[in-house]
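To start, the structure under review is shown below, and the notes come after it.
The values are calculated or read from the model by the stated rules, or taken from the named source; none is laboratory data. Model, not experiment: these values are computed from the prediction. Methodologically, a virtual Cβ is constructed for each residue, glycine included, from the backbone with ideal geometry; neighbour enumeration extends over all protein chains shown. Just so you know, the surface numbers come from the protein's heavy atoms only, side chains and all, with ligands and any DNA or RNA stripped out. Shrake-Rupley method; radii C 1.70, N 1.55, O 1.52, S 1.80 Å.
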Amino acid sequence: INDYLIINAPHVAYVYCGTRKLAILPICTTAIDIQYKTSSPPNLFYKGFKLYFEWIPKPIDLVCPGTSPATTMTSVNTTLPIWAQNLQISPIFSAHVCLGSSITLQCPRDSDYVLSIVQSMYGVTATGLCENPSPADCLQEASLGLTCAQSCYIGYYIPKPLVQCQSKNADYILIDYQCIPMRLPNNDNTIDICNSTIANTIALDTVMMMISPQYPTLDGVHNCSKTIEASPNKRWMISIVDLFLEEQSHIGDCDVSSLTIVDEKDQVVMCGLRQPELVMVTYGNIVEFKFISTHQALGYRGFKVYAETIMNLSNVTISTMTTTTAATTRRTSPPITTFLPVSLQIPVYGGTTTNNGTRQYCKFPFIYQGNPQSNCLTVDPPIPAPGEGVQEPWCSLT
């Protein structure tokens, strides 16, 4: 991108180019950094930009970092759960918001956690009314484009017709979310990936936080890496806390600036702006992080990555059991120790990789023989399983 405008606040950044006319949601901050860059030749056709902004009273539904929300549908008890007391990654929680209403999701100890949206789905019930989500409901993936930090406000006020549900309007939005720590227990130091005074291979057995140089400011040219090694009976569960690098090129490569995570069987390459999320569960106990930045670029934060070890269990099976309340659900199974690495996930039609080697996951619901499927199937597997009568579960990417 040759010309762009960046509006950078402490917990969110907006990058604009092209033609835009919009109103940005209120931002909780006392200072905003506005950066403007043009490197294209003069052109009378383009006008530049004009911004209007003003101080306003804080809206009641806006939750500022470090403050308690006025109302929330997420239970935050006075007694913190064990995972929050120990500054560990949380289980996956679920919540749903009905048509005509809104919800604010928030983690306990919000100043120490970021909220990650794992999945969002539109749902249609059999009765046409907003009820607790059921496996029998028709679901369709929702691309909400949410930008969440310590909390997340979600409103559903305009009916959404679903192509995969006979064009019926969605009765609710189902959101799966997770809380990812922003710091280590006991204020342990983070690892600077380019710190030359630290060994290139580091032995750790519990948790790890890694950052780019000078985070949250990205400057200079870098090409560095660090390898993390745990005990042989463990593997790493790796999550993005924050990642804001230059976007991929017009051919889809992250060749200007990128973070690459590599284990013995899988690789994830990331650039651009990424929301907090779980990005990899490693196959083994060793994982390498590679960071490149080829030139000076203003307005980018770099990255912060959180990782913790889990037991390397064999013959793990995945099941789902939920306990439902009025609007929120906590998945009590599987626990974090039963996550499978990407290499061992259920097979999908069309293979498990794209042309550039990036792993893909199952998509629910998917269409098989003209019918939407919300769970894995055991009929007509794409790869016949060995052994008479054995049917391995499978799903599809589409």
For region 215-229, state whether one or more residues are touching a Phe, Trp or Tyr at 6+ places or on another chain (Cβ under 7 Å) and either polar (S, T, N, Q) or free of Cβ contacts under 8 Å to residues at least 40 places away in the same chain (or both).
yes
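Give, as residue ranges, the strands (runs of 3 or more DSSP E) completely inside region 255-295 that count at least 1 residues that are buried (at least 21 other Cβ atoms within 10 Å of the Cβ) and in contact with a helix residue (DSSP H, G or I) (Cβ under 9 Å, 6 or more places away or on another chain).
Working: elements: 257-262, 267-270, 277-281, 286-293.
Once the strands (runs of 3 or more DSSP E) in region 255-295 are filtered for at least 1 residues that are buried (at least 21 other Cβ atoms within 10 Å of the Cβ) and in contact with a helix residue (DSSP H, G or I) (Cβ under 9 Å, 6 or more places away or on another chain), what remains is 277-281.
Name the residue, out of V241, V256, that is in contact (Cβ under 8 Å) with a residue 60 or more places away in the chain and under 21 Å from C194 (Cβ atoms). Lay out the reasoning, then the answer.
Working: V256 fails: in contact (Cβ under 8 Å) with a residue 60 or more places away in the chain.
Being in contact (Cβ under 8 Å) with a residue 60 or more places away in the chain and under 21 Å from C194 (Cβ atoms) holds for just one of V241, V256, which is V241.
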Can you list residue pairs whose Cβ atoms sit under 6 Å apart, with the first residue in region 122-149 being without any contact (Cβ under 8 Å) to a residue 12 or more places away in the chain and the second being open to solvent by 50 Å² or more (accessible area, probe 1.4 Å) and part of a loop (DSSP other than H, G, I, E, B)? Count only pairs 6 or more apart in sequence or on different chains.
none
Collect the residues in region 27-69 that are at pLDDT 75 or above and open to solvent by less than 60 Å² (accessible area, probe 1.4 Å), keeping them in residue-number order.
I27, C28, T29, Q35, S40, G48
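Filter region 167-194 for residues that are over 25 Å from the mean Cα position of the chain (by Cα) and modelled with pLDDT of 90 or more and give the result.
Step one: of region 167-194, the residues over 25 Å from the mean Cα position of the chain (by Cα) are 167-169, 186.
Hits for region 167-194 are S167, K168, N169.
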H96 meets each of (1) under 30 Å from S396 (Cα atoms); (2) open to solvent by less than 70 Å² (accessible area, probe 1.4 Å); (3) modelled with pLDDT under 90 with one exception, condition (3)
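Identify, please: which residue in region 84-93 is in a loop (DSSP other than H, G, I, E, B) and open to solvent by less than 10 Å² (accessible area, probe 1.4 Å) and is, among those, farthest from T125 (Cα to Cα)? Show your work before the answer.
If we filter region 84-93 for residues that are in a loop (DSSP other than H, G, I, E, B), which is where we start, we get 86-92.
Subset that is open to solvent by less than 10 Å² (accessible area, probe 1.4 Å): 87, 89-90.
On the way: L87: 37, I89: 32, S90: 29 Å.
By that ranking, first place goes to L87.
Listed residues D171, D188, D176; which is out of contact with any strand residue (DSSP E or B) (no Cβ under 6 Å at 6 or more places or on another chain) and either over 14 Å from A307 (Cβ atoms) or of a type outside the set (A, V, I, L, M) (or both)?
When all the criteria are applied, what remains is D188.
Can you find, within region 6-15, the residue that is farthest from T29 (Cα to Cα) among those that are open to solvent by less than 20 Å² (accessible area, probe 1.4 Å) and modelled with pLDDT of 80 or more?
As a first pass, look at region 6-15 and keep what is open to solvent by less than 20 Å² (accessible area, probe 1.4 Å): 6-7, 9, 13.
Still in the list and also modelled with pLDDT of 80 or more: 6-7.
Working: I6: 16, I7: 12 Å.
Restricting to residues being open to solvent by less than 20 Å² (accessible area, probe 1.4 Å) and modelled with pLDDT of 80 or more, the top hit is I6.
Hey, among C152, C148, which residue is among the hydrophobic types (A, V, I, L, M, F, W, C) and not in a loop (DSSP other than H, G, I, E, B)? Steps first, answer last, please.
Details: C148 fails: not in a loop (DSSP other than H, G, I, E, B).
Selected residue: C152, the only one of C152, C148 that is among the hydrophobic types (A, V, I, L, M, F, W, C) and not in a loop (DSSP other than H, G, I, E, B).
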Can you find, within region 189-232, the residue that is least open to solvent (accessible area, probe 1.4 Å) among those that are among the small types (G, A, S) and assigned to a strand (DSSP E or B)?
S225
Taking region 165-188, which residues are within 25 Å of D263 (Cβ to Cβ) and open to solvent by 80 Å² or more (accessible area, probe 1.4 Å)?
D188
